[in-house]
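Here is the structure we will look at, set down as structure tokens.
Only the coordinates and a few stated rules stand behind these numbers; no lab work does. None of the values given here were measured: they were computed from a predicted structure. All Cβ positions, even for glycine, are placed from backbone atoms using ideal geometry, and neighbour counts span all protein chains on display.
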């Protein structure tokens, strides 16, 4: 395999590393810190927004493992490892759970070992693949080896789809879902400018300037990703309002620019 360092461009900001920087991580470069600082100047609530996106992932994973009995998870665009990771959440409920992380970022690849600290009863794996080629994801030997696609899978598409422009976006999600059996679930977060349009719009412009174009979607467009599926209550809502835990509703709506939902594949 090609050394991940050979693919790392330290002269340009990268979304996963900017995310890491804003959340207080250590796996980023000065260019990512500069980009993150610029974005936070445009919207000081950005760290709150990013934390709520990750908390949604924790709650959705816990819900699927605890209440729906899902024991297999496919995490698309896993990003840099930040504890608790998805496998820590779901294996904390059901130690036998299996989790496959998918990302094509070389920095994530270099830190993949941190994602693979599974419980003895379960299993985790990292697959180097790109969401823009969903068939390569679902047909990947690493995915097929760890996940039984005759059994329900929790497909996690968290904080990713706003980097995929139309008309690619909807078909990509459909193709990821297609090989998964009935009884599988889709958990997604989807960036929006509905609640702080001016500030979030400036952040999107900064991403564009940093060669990381992103798309913000309104509620009807966000909901369309779940067409043909059965939405779990409360449906598509701001990420911090989806089955909130203690203290979640203390967050100002204007500080969260992400819709979140979980849906069942019939």
task: Compute the label zone of residue 168 within segment 123-145: residues whose backbone N is under 15 Å from the point 7 Å along Cα-to-Cβ.
output: 129-137
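In Å³ and rounded to a whole number, note down the convex hull volume per residue for the Cα atoms of segment 121-266.
Taking the convex hull of the Cα positions in segment 121-266, it is 136 Å³ per residue.
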message: Need the full-extension length gain, residue 33 to residue 11, defined as separation in residues times 0.36 nm minus the C-alpha distance. One decimal, nm.
response: 6.7 nm
message: Please compute, over every Cα-Cα pair in segment 20-65, the percentage with a separation greater than 12 angstrom.
response: 65
- prompt: Taking the chain on its own, what percent of its Cα-Cα pair distances exceed 32 Å?
  reply: 16
field: Mean projection area, nm², convex hull over Cα of segment 4-140
entry: 8.8
query: For the chain, what is the calculated [θ] at 222 nm in deg cm²/dmol (nearest 500), taking -39500 (n - 2.57) for each run of four or more DSSP H residues and dividing by its residue count?
result: -10500 deg cm²/dmol
Stretch gain in nm, segment residue 67-residue 175, where the contour uses 0.36 nm per residue and the Cα spacing is subtracted: 36.3 nm
field: Relative contact order [Cα under 8 Å, 6+ residues apart], segment 1-152, whole percent
entry: 19
field: Label-point separation in nm, residue 151 to residue 96, each point 7 Å along Cα→Cβ
entry: 0.7
Rough spin-label spacing in nm, given labels placed 7 Å along Cα→Cβ, for residue 83 and residue 252: 3.3
- prompt: Once label points are set 7 Å from the Cα along Cα→Cβ at both residue 194 and residue 58, what is their separation, rounded to one decimal in nm?
  reply: 2.5
message: Considering all projection directions equally, how large on average is the shadow of the alpha-carbon convex hull of segment 86-198, in square nanometres?
response: 8.5
